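The values are calculated or read from the model by the stated rules, or taken from the named source; none is laboratory data. Since the structure is predicted, the reported quantities are computational estimates derived from the model, not experimental observations. Heads up, the Cβs are rebuilt from the backbone with ideal geometry, glycines too, and the neighbour counts pull from every protein chain shown.
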Amino acid sequence: MVVAETLVGIQLVKSAVSGIKEVIHTCQDIHEISHHIDNVFSGQEHIDKKIAAKKKRAKSGIAGKWQTFIGSKIGGEEGDGTSIQEIAAEIIEQKQAQKEIRNMSLMLNKRFGADTWTTIIKTRQERIKERDERLKRQAEEAKEIAWENKKKWKKIGEESGKFAIIVGVLLGMYFYISYACKGCI
């Protein structure tokens, strides 16, 4: 499970690049290989998240494929985030992913034009920025709506309290008058 989890990012990148290699010469437009490109980005994000998680955990005790291999060859501690094998494993995984992405970018640029990969990256970054801004705006709007609802219910509570006091006073007056009048009402 741990080895499979460790390899997911790099395997996703490699499989996406090999998928692109298979269909790059027969595809008519980039839409036919877009899911492979998406897998490349997902794999890269998975690797980045895994490295960030390793940096967060000071002592994990979990060794990846490269970490185990290098650790068995050179010896050393495992799991504290500062050992040679952990650092080497992280760097090797990053370099492998970068190499596969570079190969894919060269294939896409060769097939669809010199600036295809740059355009893809630029457009993706713009859309991510727009999505983040939209999500932030939606969160602010939801917060504002929640605040308005809270104010509305507070106002309803205050007005209901005032109404209850008025009804209580009127009932009290009625019972006092009816008692003082000895049944004349």
Filter result (at pLDDT 75 or above, of a type outside the set (D, E, K, R) and within 22 Å of Glu90 (Cα to Cα)) within the range 12-50: Val13, Ser15, Ala16, Val17, Asn39, Val40, Phe41, Ser42, Gly43, Gln44, His46, Ile47
Could you tell me whether the range 107-120 includes any residue that is among the polar types (S, T, N, Q), assigned to a helix (DSSP H, G or I) and closer than 23 Å to Lys54 by Cα? no
Residue in the range 139-149 that is within 30 Å of Ile37 (Cβ to Cβ), surrounded by 10 or more Cβ atoms within 10 Å (Cβ to Cβ) and either at pLDDT 95 or above or out of contact with any strand residue (DSSP E or B) (no Cβ under 6 Å at 6 or more places or on another chain) (or both) present: yes
Take the range 15-26 and flag every residue that is without any contact (Cβ under 8 Å) to a residue 24 or more places away in the chain and farther than 16 Å from Gln98 by Cα. Gly19, Glu22, Val23, Thr26
Among the residues of the range 38-54, which ones are more than 16 Å from Gln96 (Cα to Cα) and crowded, with 17+ Cβ neighbours inside 10 Å? Lys54
Identify, by number, the condition in (1) without any contact (Cβ under 8 Å) to a residue 12 or more places away in the chain; (2) touching a helix residue (DSSP H, G or I) at 6+ places or on another chain (Cβ under 9 Å); (3) of a type outside the set (A, V, I, L, M) that Asp132 doesn't meet. (2)
Residue match in the range 143-154 (condition: assigned to a helix (DSSP H, G or I), touching a helix residue (DSSP H, G or I) at 6+ places or on another chain (Cβ under 8 Å) and among the aromatic types (Phe, Trp, Tyr)): no
